[in-house]
Structure formats: structure tokens, C-alpha cells
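Worksheet: one structure, shown below.
The values are calculated or read from the model by the stated rules, or taken from the named source; none is laboratory data. Note that this is a predicted model, so its numbers are computed, not measured. In this analysis, Cβ positions are derived from the backbone assuming ideal geometry, glycine residues included, and neighbour counts consider all displayed protein chains. Accessible surface is based on the protein model in full, side chains and every heavy atom, while ligands, DNA and RNA are left aside. Shrake-Rupley method; radii C 1.70, N 1.55, O 1.52, S 1.80 Å.
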Amino acid sequence: MTGTPVGLAERPCVLLGAGGHAKVVADVALAMGFRIMGVCDPVLAREGVQRWQGIDVLGGDDFLSSLSPGEVLLLNGVGYMPGIFVRAELFRRHSEAGFCFPPLIHPSAWVSSSAVLEDGAQVMAGAIVQTDVRLGANSILNTRSCLDHDCLVGASVHVAPGVTVCGNVRIDDLAFIGAGATVIQGVRIGANGFVKAGAIVSRDVV
């Protein structure tokens with residue numbers, strides 16, 4: 001599953017958030033051929049900033065109330081840190097309002113044709129998604145990370161840069177896998193589970 005989802009690239013995108021993760025998300029979206037009409041960020045709006053990273057600042061999140069969900073696509077540029085669920089809440093609230101978050105795949109990533117990427121999933125530069133993997137809604141597979149065969153990843157999970165997840169691993173909703181960690185085959189990471197950077201995980205984390 002690669003490239004721009006059919007029929008979606010014609011619709012403009014609104015980027016949510018203006019931090020470091022948002023910069024990466026914007027780059028991926030542009031590389032896929034999406035058009036970004038602007039960014040919504042409450043801090044930039046309060047400060048009166050009009051342009052950010054060459055993108056128009058549209059206002060805070062309340063700007064979306066002036067748009068029909070059928071007019072635009074949303075890009076979740078808010079990152080995820082353990083115990084902070086702003087990213088998940090933004091996705092939940094706007095999805096329930098009818099907005100679409102397209103999956104994003106950087107052109108340098110490799111995604112198996114048998115893999116399933118749910119709404120809002122983000123696969124960053126150099127990442128690998130092997131056969132029969134499911135990457136859940138609003139989850140991030142960050143730079144140069146790998147999900148091997150038959151992994152099941154829940155919603156709003158963050159797999160940080162340089163992580164290796166071996167085959168048949170299950171990662172439940174809102175888990176966080178720190179940079180450079182290795183998760184051995186068959187392991188389960190439970191909901192809200194936390195794996196520290198550089199760890200080697202050979203037993204379930206529940």
C-alpha cells in the first residue's frame with residue numbers, strides 16, 4: 001500500500017499543530033502530492049503569527065468549525081509523548097465530526113501490499129512495514145523504524161525512530177515504544193504500555 005490514496009489528493013489539507021512533528025508531517029504530505037491550505041495552532045493564532053514554515057496560519061482549532069468535513073482533509077501534526085493524549089483527543093474529536101485523516105507514507109518508506117494502514121496512520125522516512133501488518137488509526141511509525149510480518153498495532157501508538165519490531169508482535173492502543181528499542185517476536189505491549197529508548201523487550205509489557 002503506497003502512494004497517495006486515490007481521489008484524496010485533490011482535496012486541500014489542514015495541518016493541526018505547529019511543532020516538530022508537524023514539520024515532518026507537512027514534508028511527508030507535500031512529498032505525496034497533497035496541497036496544504038494552512039495550519040491550525042492556538043499558540044500561533046494567539047501570537048498573531050500569519051505564516052509558519054511557508055504555510056498560512058488559519059487560526060486555532062476553532063477555525064475548522066467554518067469548514068465542511070467534505071471540503072478538506074486533516075493532518076495530525078501533534079506528536080505523542082507518554083501520558084499526554086492531546087494527539088489522540090484531536091483525532092477522536094475531529095473524526096467524530098466527520099473529518100478524514102488520510103494515511104501518510106513517505107516516498108522512501110516501504111509498505112507491503114498486504115499491509116493495512118488505518119485512517120491517520122503515519123509512516124515516516126525510511127520506515128518498513130512488512131507483510132500482513134496492521135497499523136492502527138492515528139498511529140506513528142517514525143523514521144527508520146520497522147514492523148515485521150503479522151504485527152498488529154492499535155490506535156494512537158507511537159513507534160519512535162529506529163525501533164525494530166519483530167514478527168507477530170501486538171501493540172495495543174496508546175502504547176509508546178522509545179527510540180532504538182527492539183521488540184522480540186511474539187511479544188505483546190499492552191494498552192498505554194511504555195518501552196524505554198534502547199530497550200530489548202523479550203517479555204510482554206502489560
Compute the distance from the alpha-carbon center of region 98-172 to that of region 189-204, in whole Å. 17
If you stretched the chain out fully between ALA179 and LYS23, how much longer would it get, using 0.36 nm times the residue separation minus the C-alpha to C-alpha distance? 54.3 nm
With Rg and Dmax of the Cα atoms in Å in mind, check (1) 17.5, 59; (2) 24.8, 85; (3) 16.5, 50 and report the label derived from this structure. (3)
Any idea how far apart ARG93 and TRP110 come out in nm if each label point goes 7 Å out from Cα toward Cβ? 4.0
Which whole-number percent gives the relative contact order of the chain, counting Cα pairs below 8 Å spaced six or more residues apart? 13
Go through region 168-184 residue by residue and turn each phi into a ³J(HN,Hα) via Karplus (6.51, -1.76, 1.60, θ = phi - 60°); whole Hz please, and just put x for glycine and proline. 6, 8, 10, 10, 8, 3, 6, 6, 10, 10, x, 4, x, 6, 10, 10, 6
To the nearest 0.05, what FRET efficiency results for GLU47 and VAL86 with a Förster distance of 25 Å applied to their C-beta separation? 0.85
Compactness of region 130-206 - radius of gyration and Dmax, Cα, Å: 10.3, 26
Tilt of helix 20-31 relative to the longest C-alpha principal axis of the chain, in degrees (0 to 90, nearest 10)? 80
With the crude spin-label approximation of a point 7 Å out along Cα→Cβ, what separation in nm comes out for ALA197 versus ARG35? 4.0
Run through the DSSP bridge list for region 78-203 and note the antiparallel percent, rounded to the nearest 5. 5
Nearest 5 percent is fine: what portion of the DSSP beta bridges confined to region 7-70 is antiparallel? 25
What do you get for the angle between helix 86-96 and the principal long axis of the chain? Use alpha-carbon atoms, 0 to 90 degrees, nearest ten. 70
Find how much the distance from THR131 to ASP204 grows on full extension, using 0.36 nm per residue of separation minus their present alpha carbon separation; answer in nm with one decimal. 24.0 nm
When the accessible area of region 1-156 is split by element with a 1.4 Å probe, what percent falls to carbon and sulfur? 54
Per-residue ellipticity at 222 nm attributable to helices in the chain (runs of n ≥ 4 DSSP H, -39500 (n - 2.57) apiece, nearest 500 deg cm²/dmol) works out to -4000 deg cm²/dmol
Can you give me the accessible area per residue for the chain, using a 1.4 Å probe, in Å²? 44
Just the Kirkwood number for region 1-120, please: inverse of mean 1/r across all distinct Cα pairs, in Å, one decimal. 14.8
In the neighborhood of VAL14, defined by Cβ-to-Cβ distances under 13 Å, what is the net charge if each Lys or Arg adds +1 and each Asp or Glu adds -1? -3
